Structure formats: C-alpha cells, structure tokens
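Okay, so here's the structure we're looking at.
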Amino acid sequence: MIISLSILLIISVAANALLIWYIKKMLNELLFSSDNILQLQLSLADFAKHLEGIYEQETYYGDPTIESILQHAKEIVKELNEFQDIYSSSREEAREDLLGEEDDGEEN
C-alpha cells in the first residue's frame with residue numbers, strides 16, 4: 001500500500017512539475033506575441049499617418065484609391081487597438097504570474 005502511494009506521489013509531483021514548466025513556457029510565448037502585436041500596431045499606425053500625409057498633398061488629394069487604402073489602414077489600426085486591449089489585460093496577468101513564480105523560486 002505504501003509503495004503504491006509513493007509511486008503515485010512521485011508520478012503526481014513529476015506531472016505537476018511538467019505542467020508548471022509548460023504553463024511558464026506558454027506565458028512567455030504570450031508575452032512575446034503581445035509585444036510583437038504592439039510593434040505591428042505602432043508600425044501600421046505610422047503607415048496610416050504617412051499615407052494620410054500623402055493623401056493630403058495637392059497632387060493626390062481626392063484620389064479614390066489612396067482614400068480607400070487610407071480608410072482600410074485606419075480600420076486595421078482600430079481592429080488592432082481592440083485586439084491589443086484583450087492582449088494587454090492578459091499580458092499584465094501573465095507578467096504578474098511569472099513574477100510571482102520567479103519570486104517564489106528566489107525565496108527557496
């Protein structure tokens with residue numbers, strides 16, 4: 001009886017350690033993705049501003065193609081802003097979880 005309980009305990013500890021490692025790895029990937037989305041968002045916002053500057057020049061003012069591209073760029077920036085709001089809340093929670101785990105590891 002004691003031997004079987006000991007074996008189950010060892011299996012349980014190993015499984016928990018594996019799951020903790022996997023969760024930490026996934027949280028790091030989430031943070032990496034969130035940072036990349038932020039960079040993409042900033043690049044696209046800069047592109048939209050640049051395109052708007054081109055559209056406002058006398059040569060291109062009123063060009064329907066540039067106006068359409070400008071509108072599309074603004075819509076994508078808006079969608080990325082909404083997506084960033086979702087990721088930023090997840091990102092803050094993930095950072096807190098990672099910092100909490102690292103602090104726990106330093107105390108031992």
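A short reminder: the numbers here are calculations on the coordinates, not readings from a lab. Quick caveat, the model's predicted, so the values are computed rather than measured. When we count neighbours, we look across all protein chains shown, and the Cβ atoms used for this are built from the backbone with ideal geometry, even at glycine.
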Residues of segment 21-46 with backbone N under 17 Å of the label point set 7 Å from the Cα of residue 74 along Cα→Cβ are 44-46
Output for segment 44-85: GluC sites (Glu not before Pro) sitting in coil per DSSP, at most 14 other Cβ within 10 Å, listed by number, reads 56, 58
Listed by chain and number, the lysines with an alpha carbon less than 22 angstrom from that of residue 74, same-chain partners under 8 positions apart left out, are 49
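Rank-order 34-43, 3-12 by packing density, defined as the average count of other C-beta atoms within 10 Å over each peptide's residues, highest first.
Highest mean packing first, the order is 34-43, 3-12.
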